[in-house]
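Here the structure is laid out as structure tokens; the discussion comes afterwards.
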Amino acid sequence: MERHIRKEHRLKNYDYSRNGAYFITICTLNRKFLFWQDHDIHGVGAASGGPPKKIKLTEYGAIVRDELKKIPAIYPDVIFVPKFVIMPNHIHMLIVINNFPKSGDLPYGPPKAASTIGRIINKFKGAVTKRSGFPIWQKSFYDRIIRNDKEFADVWQYIENNPVNWQNDEYYVG
């Protein structure tokens, strides 16, 4: 029997503790709708017409929101989550890492265990799973390194507009 070989999602030889901004997407296990109330899943998006409505999160969506908001407190002055969106079966977030202060701020060099995107996401996913009481997430996550201000602004806008564009989203299962 052949074993399925997972595609590597991380950029080879890249230091994911490096200061910068990262666009992260995490999907639910089997892309199951867990985070929005049922009536919102098909009633939101460009095809629904009318003004955008406020999404009501499920119990699990609220857990995800609470844990996302805790990330900066777990890594004070190092990790920032300036923008995120919770979709029915996935989340998007911008994470900004500032692991190493400017030269001269630390007399003994950088901290020994720098925060990496992988550590941050694994801790977040574990906290959501523990509070939910069952496995919620697919393995791994998708990341994109934000290279400049235009990319940052584009990702910000994408996250902002994702609920309105839900029915055109690659994770939409109608």
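Every number here is computed from the coordinates shown, using simple stated rules; none is lab data. Remember, predicted model here, so these are calculated numbers, not experimental data. FYI the Cβ positions are ideal-geometry reconstructions off the backbone, even for glycines, and counts take in every protein chain you see.
Here the Karplus relation 6.51 cos²θ - 1.76 cosθ + 1.60, evaluated at θ = phi - 60°, turns the backbone of the stretch 82-95 into coupling constants of x, 8, 8, 9, 9, 9, x, 9, 6, 10, 10, 8, 9, 10 Hz, with x for every Gly and Pro. Please find the FRET efficiency linking Lys150 to Lys123, where r is the Cβ-Cβ separation and R0 is fixed at 25 Å, and quote it to the nearest 0.05. Calculated transfer efficiency: 0.25. Taking amide hydrogens as placed 1.01 Å from N in the peptide plane, the amide H of Lys83 sits under 5 Å from those of Leu94, each at least 5 positions away in sequence or on another chain.
Between the amide H of His90 and those of Thr28, distances stay under 5 Å, these residues lying 5 or more places away or on another chain, with hydrogens modeled in the peptide plane. Near Leu29, once Lys and Arg are set to +1 and Asp and Glu to -1 for all other residues with Cβ below 12 Å from its Cβ, the sum equals +4.
Among the listed pairs Lys123/Lys150; Lys125/Lys150; Lys83/Lys130; Lys56/Lys123; Lys70/Lys125, give every one whose C-alpha distance is greater than 21 Å.
Too far apart for the 21 Å limit: Lys123/Lys150; Lys125/Lys150; Lys83/Lys130; Lys56/Lys123.
Put simply, when 16-25, 74-83 are sorted by average Cβ atoms within 10 angstrom per residue, most first, you get 16-25, 74-83. Counted by Cβ distance under 9 Å from Val155, the other residues give a net charge of 0, where Lys and Arg count +1 and Asp and Glu count -1.
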